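Visitor: Shown below is the structure under consideration.
The values are calculated or read from the model by the stated rules, or taken from the named source; none is laboratory data. The model shown is predicted, which means the values in this text are computed figures rather than measured ones. Backbone-built Cβ (ideal geometry, glycine too); neighbour counts: all protein chains shown. The protein model used for the area step is the full one, side chains on, heavy atoms only, and it has no ligands, DNA or RNA in it. Shrake-Rupley method; radii C 1.70, N 1.55, O 1.52, S 1.80 Å.
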Amino acid sequence: MAIKEKQLFQTMFLLATFIVCLIEISNAQIQRVSDDEWEMVEKKGNQFIIGDWPLYVNGFNTYWLMIFAVDPSTRAKVTDVFQQASSAGLTVCRTWAFSDGGWRALQKSPSSYDEQVFQGLDFVINEARKYKIRLILSLVDNWEAYGGKSQYVQWGKQAGLNLTSEDDFFSDPIIKGYYKAHVKNILTRVNTFNNVTYKDDPTIFAWELMNEPRCLADPSGDRLQAWIEEMAYHVKSIDRKHLLGIGVEGFYGSSTQERLLTNPNTYASQVGTDFIRNHLALGIDFASAHIYPDSWLSSTVSDSYLQFVESWMEAHIEDAEKVLGMPIVFGEFGISSKDLKFNLTFRDEFIDTVYKTMLNSTRKGGSAGGSLIWQLFPEGTDYMDDGYAVVLSKSPKTCDIVSLQSWRLQNFNSRCSWRCHWGCRKRGHQDVFDYIGEL
């Protein structure tokens, strides 16, 4: 047989084996969901688990789901997102469980809620379960969009409090009381679609204290650290079943001077966060970090962008494993299409770099627990695009990259019980996946 014919035969054989693998994995996943009766996600050491099985996550962000679910004319877009995500093998969605003040607010004023908007969040959670997608629900925003900490401070001022900075959110006892009340109201909410209390619903993967917290008023990090510790205790006093994350961007602080050069710029160490110190707080179950080289680094596009992504991820994975002893989720990563320096080809290279760095840890049973692309959109929502929207139906190459990562991770999830302690090293089937990934 000629060399070219041999190579063609080998490739066809591997492709056939790959398809069989996918069918087996899909069947195993369906069977496990049925057998486990949709169990809570837990953490054991540096891995997420469901029962005795490891869980590695390929997921996405779509922050506006609750808002779209309120209006019957846009509710179908929520279903569209989950359908597209499920078809690409995505299993976790990160979204907002807040909208404070302003248009279509969930929380109109402290502890005063719009029931119609709350039912929108009910719908999102119930719909996610239909598509076997779990949710990371963030509880407040650092930024002004959807209210955020500045809205809480504004409420305090309206109540007569003498507040001078939006970062008083982290220290004023009355404002902290507003936030604690919101946390309790969310966690104890009974879903009007399925009658399940949020704190008992395994559809919720985890709670997140805040989206990208920063406290510029105290670069030492003491104020934010005290807030994290207090609020982690508060969440766990209400709900000890679900996992809890912080939502930080992952910038290193003064507790690890040797890591400061890992930060994308010098400003990052002055925003009041500290990756290691923050995640040592009692009650925090997994680490978080974000990846935005387009906004963090200099304007010159080069291979240094992808080199930064690798080194940034590898440092955080190593610290999550060796220092923190917990899994890490890269809760946001993206490249803006509105920046003319980038094209879709570069975006795909960026996504592939994130995924491959993740897999390098997964193969060794490391702490890389998952990554969530920012952000997935259905068709017909272009007016909401912040530049980072990924519409899988319009981006077949990107969809292929995302889908392949999903299948690779499901292979790990399905083929190895946590009890084996990775002694198998994923031989056999994994070799096929690695080969296909290179084609």
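Visitor: Filter the stretch 171-210 for residues that are part of a strand (DSSP E or B), under 22 Å from the mean Cα position of the chain (by Cα) and either surrounded by fewer than 17 Cβ atoms within 10 Å (Cβ to Cβ) or of a type in the set (A, V, I, L, M) (or both) and give the result.
Guide: 204, 206
Visitor: Could I ask something else about it? With the checklist (1) modelled with pLDDT under 95; (2) of a type outside the set (Lys, Arg); (3) in contact with a helix residue (DSSP H, G or I) (Cβ under 7 Å, 6 or more places away or on another chain) in hand, flag the one item residue 367 doesn't pass.
Guide: (1)
Visitor: Do the conditions hold for residue 232, that is, is it under 24 Å from residue 96 (Cβ atoms) and among the aliphatic types (A, V, I, L, M)?
Guide: yes
Visitor: Residue 85 versus (1) part of a helix (DSSP H, G or I); (2) modelled with pLDDT of 95 or more; (3) farther than 27 Å from residue 368 by Cβ: which is the lone unmet condition?
Guide: (3)
Visitor: Out of 295, 299, report the one residue that is over 20 Å from the mean Cα position of the chain (by Cα), small (Gly, Ala, Ser), open to solvent by 10 Å² or more (accessible area, probe 1.4 Å) and modelled with pLDDT under 95.
Guide: Details: 295 fails: over 20 Å from the mean Cα position of the chain (by Cα).
Just a single option satisfies the conditions, and that option is 299.
Visitor: Same structure again: Output yes when any residue across the stretch 222-241 is open to solvent by less than 10 Å² (accessible area, probe 1.4 Å) and either among the β-branched types (Val, Ile, Thr) or part of a strand (DSSP E or B) (or both), and no when none is.
Guide: The answer is yes; a qualifying residue exists.
Visitor: Please tell me if residue 250 is under 19 Å from the mean Cα position of the chain (by Cα) and open to solvent by less than 10 Å² (accessible area, probe 1.4 Å).
Guide: So residue 250 passes the test.
Visitor: Could you please find all residues in the stretch 61-119 being of a type in the set (Gly, Ala, Ser) and farther than 24 Å from residue 396 by Cβ? Don't jump to the end; show me each part of the working.
Guide: Of all residues in the stretch 61-119, those of a type in the set (Gly, Ala, Ser) come to 69, 73, 76, 85-89, 97, 99, 101-102, 105, 109, 111-112.
69, 73, 97, 99, 101, 102, 105, 109, 111, 112 - these are the residues of the stretch 61-119 that are of a type in the set (Gly, Ala, Ser) and farther than 24 Å from residue 396 by Cβ.
Visitor: While we're looking at this one, here's another question. Could you tell me which residue of the stretch 101-125 is most open to solvent (accessible area, probe 1.4 Å), considering only residues that are of a type in the set (A, V, I, L, M, F, W, C) and closer than 16 Å to residue 146 by Cβ?
Guide: 103
Visitor: Taking the stated definitions as given, is residue 353 among the β-branched types (Val, Ile, Thr), part of a helix (DSSP H, G or I) and open to solvent by 60 Å² or more (accessible area, probe 1.4 Å)? Please lay out each step first, then the result.
Guide: Numbers: among the β-branched types (Val, Ile, Thr): yes; part of a helix (DSSP H, G or I): yes; open to solvent by 60 Å² or more (accessible area, probe 1.4 Å): no.
In short, no.
Visitor: So which residues in the stretch 134-151 are among the aliphatic types (A, V, I, L, M) and touching a residue at least 40 places away in the same chain (Cβ under 8 Å)?
Guide: Taking the stretch 134-151 first, the residues among the aliphatic types (A, V, I, L, M) are 135-137, 139-140, 145.
The answer is 135, 136, 137, 139, 140.
Visitor: Could you tell me whether residue 317 is within 18 Å of the chain's Cα centre (by Cα), surrounded by 18 or more Cβ atoms within 10 Å (Cβ to Cβ) and either within 16 Å of residue 274 (Cα to Cα) or polar (S, T, N, Q) (or both)?
Guide: Yes; evaluated as a whole, the condition is true for this residue.
Visitor: Run down 168, 218 and say which single residue is of a type in the set (Asp, Glu), part of a helix (DSSP H, G or I) and either on the phi < 0 side of the Ramachandran plot or modelled with pLDDT of 95 or more (or both).
Guide: 168
Visitor: Further, regarding this structure: For residue 345, are the conditions met, namely being surrounded by fewer than 21 Cβ atoms within 10 Å (Cβ to Cβ), at pLDDT below 95 and in a helix (DSSP H, G or I)?
Guide: Criteria met by residue 345.
Visitor: Whether any residue in the stretch 130-140 is touching a Lys or Arg at 6+ places or on another chain (Cβ under 7 Å) and assigned to a helix (DSSP H, G or I) is what I want to check.
Guide: No; the residues of the stretch 130-140 include none that is touching a Lys or Arg at 6+ places or on another chain (Cβ under 7 Å) and assigned to a helix (DSSP H, G or I).
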